[in-house]
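The values are calculated or read from the model by the stated rules, or taken from the named source; none is laboratory data. Predicted model, so just to flag it, every value in this text is computed and none were measured. Using ideal geometry, Cβ is built from the backbone for each residue, glycine included, and neighbour counts are taken over all protein chains shown. Heads up: the accessible areas ignore ligands, DNA and RNA and are worked out on the full protein's heavy atoms, side chains in. Shrake-Rupley method; radii C 1.70, N 1.55, O 1.52, S 1.80 Å.
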Amino acid sequence: MSETIYQGLAGVNVDRTQISHIDGLKGELIYRGYDIRELANKASFEEVTYLLWNDDLPTQEQLSAFSESLKPHYKLPAEIIEVLRLMPKDTHPMHAVRTAVSMLGAVDADAEGVDLDNIHRIGLSLTAKFPSFVAAFERIRNGLEPVNPDPELNIAGNFLYMLTGEKPTEAATNVMDVALVLHAEHGSNASTFVARAVASTLTDGYSAITAACGSLKGPLHGGANAAVMGALEKIGSVDKVEDYVMNILNSPGGRVMGFGHRVYRVLDPRAIILKEVSHNLAEESGDSKWFEMSLEMERVMDREMAKKGKQVKPNVDFFSASVYRMLGFPTDMYTPIFAVARISGWMAHLYEQYADNKLMRPRMVYEGPVGRSFKALADR
Ligand code: SDX
């Protein structure tokens, strides 16, 4: 009798959640009942993080208290800066991100507790520190000194400030904030599942987030935004997009980065918003090349997928690539930026996991040999 195998856990519900829901047929995403399209326009990353960690949006008083409670955590311990200085300057910044989280666990005297108060404290600390160590590594690898955080700025503004040492414009801060809100949470995506699976052993929160960082880095997941930019750079101009896409589609198992999703069968609502942001930035900056190449890629993919009767649409990573390019970020920082946002969703899931834990321990269907006779080493 053949057993059912859910390769890639496709279609498997591993648990219940109150945090977010994706309707892949309608192209809808809600965070605790609120539509992402509304949140992206109207709520800050701090408000959304509060929402993900609590039952509802904060009142003004709750938001002020929450924002204030993040600020003491902005600054990095000296050991983290030291570790970042020790890293090879040409290493992928996601190695720096993952290592920084792991080191933060090592220097936290209270790392082990998985009670909700302690996980909440770790959540505040990591959410506040992700922008700090991503920015610090970026400066260190360019031979610059890290910039101390400015407690007057919000997470988005502080991140930009710590990268450049200059107060960012309101417009740049707002674009950054929208990108953070859009990337904050997305259900049981690969890295969130990894975080929950690791937490399900009742190991510490830092271990779970370190593993999540490793998962996010992959090109099939959060690494796709950098892969999209790499492709656009390689293609070089709008007239070469078609050949590039056709080449990939004509090669066995070829995947065009930034397209497709396990859950969405229509356009990812986050991609719709980022497409608009990318369009606006292209008009404001006068540098429309990346946006136009992206549009052409979308056009060719739509045409080719329609021929095959498939729905393979741009995902969140597709238009974020041109957005980050126009904001001036180096390509290999795109995935760390994703992590700066996703830490809020990962932590929300850790609260749920630790609060009602069940060890994740699936099975596999064994297809290897059976009944072999052991031969002594000398006889093999
Ligand atoms: C993210 O899950 C999340 O929530 C993730 C995320 C989040 O917020 O956390 O939304 C962020 O990770 C977005 C995804 C980023 N990855 C990429 O852009 C990489 C390129 N995309 C694919 O490799 C792929 O679409 C996945 C990995 C995203 C989804 O893979 P699935 O569900 O395993 O689907 P599949 O690869 O088996 O494809 C199914 C069919 C294929 O047809 P068959 O070979 O089965 O006949 O769709 C086609 C493919 O032909 N297809 C693609 C394609 N993606 C799917 N064809 C060409 N290019 C693609 N990108």
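Overview of results
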{"item": "Within the stretch 93-128, considering residues that are open to solvent by 60 Å² or more (accessible area, probe 1.4 Å) and not in a helix (DSSP H, G or I), the one nearest to residue 344 (Cα to Cα)", "result": "115"}
{"item": "Total residues in the stretch 176-213, condition closer than 13 Å to residue 346 by Cβ, away from the ligand (no atom under 14 Å from the Cβ) and open to solvent by 20 Å² or more (accessible area, probe 1.4 Å)", "result": "5"}
{"item": "Test: residue 236 is open to solvent by less than 50 Å² (accessible area, probe 1.4 Å), within 14 Å of the ligand (Cβ to nearest atom), not assigned by TED's automatic domain parsing to the domain that holds residue 111 and not aliphatic (A, V, I, L, M)", "result": "no"}
{"item": "Top-ranked residue of the stretch 140-160 - restricted to ones that are in contact with a Ser or Thr (Cβ under 9 Å, 6 or more places away or on another chain) and free of Cβ contacts under 8 Å to residues at least 40 places away in the same chain, ranked as least open to solvent (accessible area, probe 1.4 Å)", "result": "157"}
{"item": "Cβ-Cβ under 7 Å pairs, at least 6 apart or on other chains, the stretch 1-22 side of a type in the set (Val, Ile, Thr), far side open to solvent by 100 Å² or more (accessible area, probe 1.4 Å)", "result": "12/6"}
{"item": "Verdict on residue 364 being away from the ligand (no atom under 16 Å from the Cβ), out of contact with any strand residue (DSSP E or B) (no Cβ under 8 Å at 6 or more places or on another chain) and either under 20 Å from residue 190 (Cα atoms) or in contact (Cβ under 8 Å) with a residue 40 or more places away in the chain (or both)", "result": "yes"}
{"item": "Sole residue being small (Gly, Ala, Ser) and in contact (Cβ under 8 Å) with a residue 24 or more places away in the chain, chosen from 78, 65, 40", "result": "40"}
{"item": "Every residue from the stretch 254-297 that is in a loop (DSSP other than H, G, I, E, B), under 26 Å from residue 39 (Cβ atoms) and open to solvent by 70 Å² or more (accessible area, probe 1.4 Å)", "result": "262, 265"}
{"item": "Filter result for the condition that a residue is assigned to a loop (DSSP other than H, G, I, E, B) and not acidic (Asp, Glu), over 72, 58", "result": "58"}
{"item": "Any hit, the stretch 326-333, residues being open to solvent by 30 Å² or more (accessible area, probe 1.4 Å), farther than 30 Å from residue 142 by Cβ and part of a helix (DSSP H, G or I)", "result": "no"}
{"item": "Verdict on residue 251 being at pLDDT 95 or above, within 12 Å of the ligand (Cβ to nearest atom), surrounded by fewer than 15 Cβ atoms within 10 Å (Cβ to Cβ) and not assigned by TED's automatic domain parsing to the domain that holds residue 131", "result": "yes"}
{"item": "Selected residue [part of a helix (DSSP H, G or I), open to solvent by less than 10 Å² (accessible area, probe 1.4 Å) and farther than 25 Å from residue 37 by Cα] from 323, 340, 300", "result": "300"}
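Okay, residues lined up against (1) at pLDDT 95 or above; (2) over 28 Å from residue 359 (Cα atoms):
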| position | (1), (2) |
| --- | --- |
| 11 | no, no |
| 20 | yes, no |
| 37 | yes, yes |
| 53 | yes, no |
| 60 | yes, yes |
| 63 | yes, yes |
| 70 | yes, yes |
| 90 | yes, yes |
| 96 | yes, yes |
